[in-house]
Amino acid sequence: MQKPERQRAARMAPELRKELILDAATALILRHQSSNFSLDDIAHEAKVSRPLVHRYFSSRDVVFQELLQREFDRIIGRQKGLVPDETPTEEAHKIYLTRNLEYLQERGLFLQLLMNEGRAAGGKSAEMVEQFSKGNLAYWVKRTTARYGISPHLARLGMMMTIAALPGAEGSLRLNKVTTDQAAEFWSTFILAGWEAVGKKFAETEGDPTA
């Protein structure tokens, strides 16, 4: 009696396979709180062969760089689109805060861990972290300076404090002590009131009347 022909499993689309491998690397980093992994480790975690991992990523450094870029895209909200320049500064702040808090609730402090590891690794990873950090800060310093009329130095100080404070909300979000909407509304109210006060006290110009 002829045996029935064994059907092959459906092939996974390349982009989906790539995401599966990145998800496996993410799981390893979160479990060990370190990026000290090999391609063999990723293959084992993803339940695929090492040659398959190598087909998509030539080295562990490339995996790490892809992870960084994926998280940058997530937190910027690339799928939702970047905040248009014509968006009023107050509304832009709310969008920025909401996206960061949504990310923290979904991914925790994963990006912070990646960025710390990236700086320590040096090379391309450190360059990516530096470029992202500087670009993000420069964007907000420019908008804040124009809107509230304060010096770039004070705008930079205020934005660095704002950015640094956000990870502190991760615990409450993770434990569902507050919702993302509540946290975004509270923090945007707090921050915007502070910027208004700073603008009145330290303004060097009349600010941007269209913002």
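Quick notes on this one:
Let's see how each residue does on (1) out of contact with any helix residue (DSSP H, G or I) (no Cβ under 8 Å at 6 or more places or on another chain); (2) among the aliphatic types (A, V, I, L, M); (3) at negative phi:
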position: L104; (1), (2), (3): no, yes, yes
position: F110; (1), (2), (3): no, no, yes
position: N116; (1), (2), (3): yes, no, yes
position: R119; (1), (2), (3): no, no, yes
position: G122; (1), (2), (3): yes, no, no
position: Q131; (1), (2), (3): yes, no, yes
position: K134; (1), (2), (3): yes, no, yes
position: S151; (1), (2), (3): no, no, yes
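- If only residues of the stretch 34-82 that are of a type in the set (V, I, T) and under 15 Å from the mean Cα position of the chain (by Cα) are counted, the one that is farthest from L113 (Cα to Cα) is I76.
- Which listed residue is outside any helix (DSSP H, G or I) and either outside the structural domain of A146 (by TED's automatic domain parsing) or under 29 Å from V178 (Cβ atoms) (or both), from L101, L97, L30, L82: L82
- Beta carbons closer than 6 Å, at least 6 apart along the sequence or on distinct chains, never pair a first residue in the stretch 24-35 that is more than 17 Å from L104 (Cα to Cα) with a second that is of a type in the set (D, E, K, R) and in a loop (DSSP other than H, G, I, E, B).
- Criterion applied to A169, A138 was being in a helix (DSSP H, G or I), out of contact with any Pro (no Cβ under 7 Å at 6 or more places or on another chain), at pLDDT below 90 and among the hydrophobic types (A, V, I, L, M, F, W, C), and the one residue passing it is A169.
- Single unsatisfied condition, Q69 versus (1) assigned to a helix (DSSP H, G or I); (2) among the polar types (S, T, N, Q); (3) not assigned by TED's automatic domain parsing to the domain that holds R119: (3)
The values are calculated or read from the model by the stated rules, or taken from the named source; none is laboratory data. Everything numeric in this text was worked out from a predicted model, so none of it was measured. Cβ coordinates were reconstructed from backbone atoms using ideal geometry, including for glycine residues, and neighbour counts include every protein chain displayed.
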